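These notes concern the structure reproduced below.
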Amino acid sequence: MSVAEVWVAKDDGSDIVRVAAIAAVGRDYSGNVTVRLSGGDQALVTLLAHHGPPTPSDFHLQLLQMIAQVSARAQSAIIRPVHDEIRGWQWEAGPL
């Protein structure tokens, strides 16, 4: 059985990171959500630069939960942060 590829996109879609390359996930006090990539340079990618409504204090943990749920499926997917006026910030997954 092949493993489905899961990717995470920045809120504006300008960068997309392969989940398998993520070594750490964080949320700073301003609400920015970042991932540190594994490998030699261990680059830091900001997935959501805080602007507008604040992100939940556990938004980085919600990303990890979403990654676990989506990775258990047999199909490739992309996860991205989206903001809704009623529901606030959420991670949504869709087909790649």
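A compact table of results
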{"read-out": "Residue list for segment 85-96, filter: under 19 Å from D58 (Cα atoms) and in a strand (DSSP E or B)", "value": "G88, W89, Q90, W91, E92, A93"}
{"read-out": "Lone qualifier among D11, D15, D58 - being acidic (D, E) and surrounded by 14 or more Cβ atoms within 10 Å (Cβ to Cβ)", "value": "D11"}
{"read-out": "Residue match in segment 61-84 (condition: in a strand (DSSP E or B), free of Cβ contacts under 8 Å to residues at least 60 places away in the same chain, surrounded by fewer than 17 Cβ atoms within 10 Å (Cβ to Cβ) and touching a Lys or Arg at 6+ places or on another chain (Cβ under 8 Å))", "value": "no"}
{"read-out": "Residue match in segment 7-17 (condition: closer than 16 Å to Q90 by Cβ, of a type in the set (D, E, K, R), touching a strand residue (DSSP E or B) at 6+ places or on another chain (Cβ under 6 Å) and touching a residue at least 40 places away in the same chain (Cβ under 8 Å))", "value": "yes"}
{"read-out": "Of all residues making up segment 27-57, the number that are assigned to a loop (DSSP other than H, G, I, E, B), over 15 Å from V82 (Cα atoms) and in contact (Cβ under 8 Å) with a residue 24 or more places away in the chain", "value": "1"}
{"read-out": "Filter result for the condition that a residue is assigned to a strand (DSSP E or B), surrounded by 11 or more Cβ atoms within 10 Å (Cβ to Cβ), small (G, A, S) and modelled with pLDDT under 95, over A4, A24", "value": "A24"}
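The values are calculated or read from the model by the stated rules, or taken from the named source; none is laboratory data. For clarity, every value in this text was computed on a predicted model and none was experimentally measured. Note that we place each Cβ from the backbone using ideal geometry, even for glycine, and neighbour counts take in every protein chain shown.
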